[in-house]
Amino acid sequence: MLFALLCTDKPGGLQLRLDTRPDHLAYLDHLNARGILKIAGPFLGADGKPTGSLVIVKTETLEEAKAIAAADPYAKAGLFSNVEIKAYNWVFNNPEA
């Protein structure tokens, strides 16, 4: 099952995001190599700077998706003010469909 991790940065979190980005990317690379990561990228504010993240993962359960979200270096660093996890159905342009 697919789950969308909708992550909102805390106000003023840009420097923390930049400082933590190498570890975050390494974490996503690891998930990608295991076939868990499907899509990932930042949400952008009006100024074009990141304000949060969208990460879509494939797991068996919501609990696994929650564990993946909690283990993200951005989450561990305290970057996010909110993380919402929703089941997701990828209908159009899904390469696995």
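Regarding the chain, what is the average projected area of its C-alpha convex hull, in nm²? Before the final figure, lay out the partial values.
Details: hull surface 25.7 nm².
Projected over every direction and averaged, the Cα hull of the chain covers 6.4 nm².
Please state the relative contact order of the chain as a whole percent: Cα pairs under 8 Å, 6+ residues apart?
Values: 145 pairs, mean separation 44.8, N = 97.
Relative contact order, the chain: 46 percent.
Could you work out the relative contact order of the stretch 30-82, using alpha carbon pairs under 8 angstrom and six or more residues apart, expressed as a whole percent?
Numbers: 46 pairs, mean separation 13.2, N = 53.
Taking the mean separation of contacting Cα pairs over the length of the stretch 30-82, I get 25 percent.
Let me make sure I get this right: for the stretch 1-40, a, b and c are the square roots of the gyration tensor eigenvalues over alpha carbons, sorted descending. Under 1.5 in a/c it's rounded, otherwise prolate if a/b > b/c, else oblate. Which is it?
Details: a/c = 4.83, a/b = 1.55, b/c = 3.12.
The shape class here is oblate.
Taking only DSSP H segments of four or more residues, each worth -39500 (n - 2.57), what value at 222 nm results for the chain once the sum is divided by all its residues, to the nearest 500 deg cm²/dmol? Mind dumping the intermediate values first?
Details: 3 runs with 34 residues, N = 97.
When only DSSP H runs of four or more count, the value is -10500 deg cm²/dmol.
Of the candidates 13, 48, 78, which one comes out as most mobile in a Gaussian network treatment of the chain with C-alpha springs shorter than 10 Å?
Highest fluctuation of the listed residues: 48.
Tell me the per residue accessible area of the chain using a 1.4 Å probe; a whole number in Å² is fine. Could the numbers behind the result be given before it?
Numbers: 5950 Å² over 97 residues.
Per residue, the chain has 61 Å² of solvent-accessible surface.
Projecting each Cα onto the charge dipole of the chain (Lys/Arg +1, Asp/Glu -1 at the beta carbon, about the Cα centre), which of 43, 6, 70 comes out farthest on the positive side?
Of the candidates, 43 comes out farthest on the positive side.
When the accessible area of the stretch 1-87 is split by element with a 1.4 Å probe, what percent falls to carbon and sulfur? Walk me through the numbers on the way to the answer.
Values: 2740 of 4930 Å².
Answer for the stretch 1-87 is 56 percent, counting heavy atoms of protein chains only.
Shape verdict for the stretch 44-97, please, from the Cα gyration tensor: rounded (a/c under 1.5), prolate (a/b greater than b/c) or oblate. Could the numbers behind the result be given before it?
Values: a/c = 2.66, a/b = 1.23, b/c = 2.15.
Oblate is the answer for the stretch 44-97, as a/c is 1.5 or above yet b/c matches or exceeds a/b.
Among 23-31, 69-77, 83-91, what's the highest-first ranking by average C-beta atoms within 10 angstrom per residue? Write down the numbers at each step before the final one.
Details: 23-31: 15.1, 69-77: 16.9, 83-91: 12.9.
For the peptides 23-31, 69-77, 83-91, the packing ranking is 69-77, 23-31, 83-91.
The values are calculated or read from the model by the stated rules, or taken from the named source; none is laboratory data. Here the structure is a predicted model, which is why all the values come from computation and not from measurement. FYI the Cβ positions are ideal-geometry reconstructions off the backbone, even for glycines, and counts take in every protein chain you see. Areas reflect the complete protein model, heavy atoms only, side chains present, ligands, DNA and RNA absent. Shrake-Rupley method; radii C 1.70, N 1.55, O 1.52, S 1.80 Å.
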